[in-house]
1. Quick one: is A:Leu313 out of contact with any strand residue (DSSP E or B) (no Cβ under 7 Å at 6 or more places or on another chain) and within 19 Å of A:Ser354 (Cα to Cα)?
2. Collect the residues in region A:413-447 that are in a loop (DSSP other than H, G, I, E, B) and in contact with a helix residue (DSSP H, G or I) (Cβ under 6 Å, 6 or more places away or on another chain), keeping them in residue-number order.
3. Kindly check whether there is at least one residue in region A:67-74 that is within 11 Å of chain B (Cβ to nearest Cβ), touching a residue at least 40 places away in the same chain (Cβ under 8 Å) and β-branched (Val, Ile, Thr).
4. Listed residues A:Arg52, A:Arg63, A:Arg87; which is more than 30 Å from B:Ala23 (Cα to Cα) and either within 14 Å of chain B (Cβ to nearest Cβ) or touching a residue at least 40 places away in the same chain (Cβ under 8 Å) (or both)?
5. Return the only residue of A:Ala324, A:Ala318, A:Ala265, A:Ala242 being out of contact with any helix residue (DSSP H, G or I) (no Cβ under 8 Å at 6 or more places or on another chain), surrounded by 17 or more Cβ atoms within 10 Å (Cβ to Cβ) and either among the aliphatic types (A, V, I, L, M) or at positive phi (or both).
6. Scan region A:324-339 and tell me whether some residue there is part of a helix (DSSP H, G or I), more than 18 Å from A:Gly238 (Cα to Cα) and touching a Pro at 6+ places or on another chain (Cβ under 8 Å).
7. What are the pairs, 6+ residues apart or on separate chains, where a residue within region A:396-423 that is over 21 Å from A:Met508 (Cβ atoms) has its Cβ under 7 Å from a residue that is among the small types (Gly, Ala, Ser)?
8. Go through region A:521-543 residue by residue and tally those that are touching a residue at least 40 places away in the same chain (Cβ under 8 Å) and out of contact with any Phe, Trp or Tyr (no Cβ under 7 Å at 6 or more places or on another chain).
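The values are calculated or read from the model by the stated rules, or taken from the named source; none is laboratory data. This structure is a prediction, so every number in the text was calculated from the model and none was measured. Here the Cβ is made from the backbone with ideal geometry for all residues, glycine too, and neighbour counts use every protein chain on show.
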Amino acid sequence: MAARWLELGALVAALLVTTPLLGGYMAKVYDPSLGRPRGDRFFSAIERPIYRLCGINPDSEQRWTVYTLSLLAFSLVSVLILYAQLRLQGHLPLNPDHYKGIEAKLSFNTAVSFLTNTNWQAYGDGAMSQLSQMAGLAFHNFVSAAAGAAVAVAFIRGLTRRRARTLGNFWVDLVRTCTRVLLPLAFLAALVLMSQGVIDNFHASRTVTTVAGQTQSIPGGPLAGQEAIKEGGQNGGGFFGANSAHPFENPNAVTSLLEIWLMLAIPFAFTFTFGRMARDQKQGWVVFATMFVMWLGMLLILTAFEARGSPKLGAAGADQRAVATQSGGNMEGKEVRIGPVGCGYFGSSTTSTSDGAVNCAHDSLTPLGGGTTMVNMMFGEISPGGTGSGLFGMLIFALLAVFIAGLMVGRTPEYLGKKIQAPEMKLVAIYILLPAIFILAFAGASVVVRTALNARLNDGPHGLSEIVYAFTQGFNNNGSAFGGLSANTQWYDTTLGLVMLVGRLGAMIPVLAIAGSLGRKRHIPATAGTFQTGTPLFAGLLFGVVIIVVGLTYFPVVALGPVVEHLVGHF
Amino acid sequence: MADVVFVAVLLAFFALAVLFVAACDRLIGPDEEAFADRAPGTAERERRAA
C-alpha cells in the first residue's frame, strides 16, 4: 500500500512540476508576444512547407465565424476521408492480417468517434489494418486533440484581447499544436514506452507454441507511437480492446504512471497557459486548483470504494484482505498486477480527462465506484478534461460563477475586465443545457426502445448505468466503455455517433461565439467593487457552481442507477 | 445504400452546424454595433497601452 501512496505522490509532484514548464512553453507557442518558444526555428522550418502546401497565410487572422467554419470544414473533410478509408481498408496496403472493410454503421461510429476525440471502440480486436490504425486512427489522435487546443486558445484570446475582431488563425493553431506540442511529447513518450516493453513493429499476428504446449496468437503492430498520443492527446482508443490492461500497451508500473501523467499533463498545463496569456497568473492557478481538487478528490473516492472490496465477493468466499501476496479489495474485472488501487488511479484519471483508456473493467467496479467514474464525465470533462476542451469547459463555468456572484451583489458581472452580458449568458446556458438534453434524452429513449434495451448485459439499476454511461461518455467525448452493453448495433452506432458530434462540435460553436463576443469588448479597469476572480474564494465559488449545476442535472439518474444498486445490492 | 445514408447524416449535421454558427452570430450582434462607440485611433492607443 505504501508503494501506491508513493506512486500517487510521484504523480502529483510530476504534475506540479510540469504544469508551469509545459504551460509556459505552450503560452509562447500560441502567443508570440510572450517570447520565442524553444525550437522556434526548427519547427518553423517544418511548418512553412505545410502552410505553403495548404495555401495558409500564417500572418492572417480570422473572425470567430471564419475560425469556426474552418474547424467545421476540416472536420467534415477528415471524417469523410476516415469513413472511406475504413470501408475500403480491405483493398488498401499495410494490411498483413487481411482484414476486410469495416461495415457501414461501424465505420460511421468509428470515424465520428475518432474525429471527436472520443475514441470509443465499438469494434473489437482483429478489425483494423495497420494502415487504418496509423493513417486513420492515430492521425485523428493528433488532429482531434489539436482542434480542441485551438478552440481553447481562441477562447483565451477572446477573454484577453481588447476591442479585437479576430481570434487568431485556426489552421495555424492546429498545425502548431501538432508540430510543437503533441508530436514532440508523443515522440519522447513513445521512446520511454518502448524502453519499457511496449511493442512497435509491422508484424502480422504470429502463432506460437507455449511452454504448456498450447498454441497462442501473438499480435504485432505499431503500438508505442499510438499509445503515446492515445494518452497525451486524451484519445484513449487502444490498439487492443483490452486497452491499457494489455501487457503490450501497458507492461509495468512505470508505463502505468507515465500513461496517467500523459493523460493529465496537457490539460493541467493549459491552466498555466491561460494565466500567462491573460498576464495574470493567479487566474490560471485558480482554475488549476479547482480542477486539481476535483481530480484528486474523485480519485481518492473511487480508489477507496475499490480497495474496500465487494461484499458480494466476500459472501462468495473470496479473501479480499490486503496481505503480502495480494493487494486485496474488489478484484473483479482487474488484473492482479494492477489491482483495485491501480484501477482507481487510472480509472478516475481517464474519466476526469476526456481520455477514456481503461486498465480494468469499469462494469465490474463497485456500484458507487462505477458511479464515481460516471460523475467524473458528467462534470463535463473539466477536471482537468481534454486537450483544451477541459480549460474552455471550466472557463464556461467560471462565466456562470461570476454571473451568479453578480446577481448576489447586484453588479454587472465581469471576468478578466470584460462585462458578461445577456448574449454571453445565453450562449453559456446553451453550452450547459446541451449535454443534459442529449445524454438524458437518448438514455431515456434507449430504455423504451426494445432493441436498445436488449443490448444490455444486466437488468435493473446496473443495466440503466450501462446505458447512461454510454451516452455520458459519448457526449463528453471520453470513449471509455462501462462494458456489458453490446454497442455495435444500429441504434447505438448511430445515436452515439450523433451524440459525439453534438458533444464535440455542437458545444464548440457557442464557446467560440462567446470568445468572438468578448474579444470585441473594451477592458473595464478593476475597482474596489469588482469581484476578484484570482482568489481562493472564487475557486470555492467555481467548485460550488460546478457541483450544483451537475448535481441538479444528473442526481435523479445517478440515484436510479449506481445509488439504487448500492442500496438494493447491500454493498 | 447504408453508405449514402451515413454520408447524408454527416452532411446534414454539418449543415445544421453552419446554421447554428449563423444563429450564434446573430445572437451576439454585428461587429459594427460593438465598435460603434469607438473614436478614431482608439484601437492603436489600446494596443499600445496593452
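1. It is false that A:Leu313 is out of contact with any strand residue (DSSP E or B) (no Cβ under 7 Å at 6 or more places or on another chain) and within 19 Å of A:Ser354 (Cα to Cα).
2. We begin by selecting, within region A:413-447, every residue in a loop (DSSP other than H, G, I, E, B); these are A:413, A:416-417, A:420-421.
Selection gives A:Pro413, A:Leu416, A:Ile420.
3. Yes, region A:67-74 has at least one match.
4. The conditions single out A:Arg87.
5. A:Ala242
6. No, every residue in region A:324-339 fails to be part of a helix (DSSP H, G or I), more than 18 Å from A:Gly238 (Cα to Cα) and touching a Pro at 6+ places or on another chain (Cβ under 8 Å).
7. So the pair list comes out as A:Arg411/A:Gly529; A:Thr412/A:Gly406; A:Pro413/A:Ala405; A:Pro413/A:Gly406; A:Gly417/A:Ala526.
8. Looking only at that region, the number is 16.
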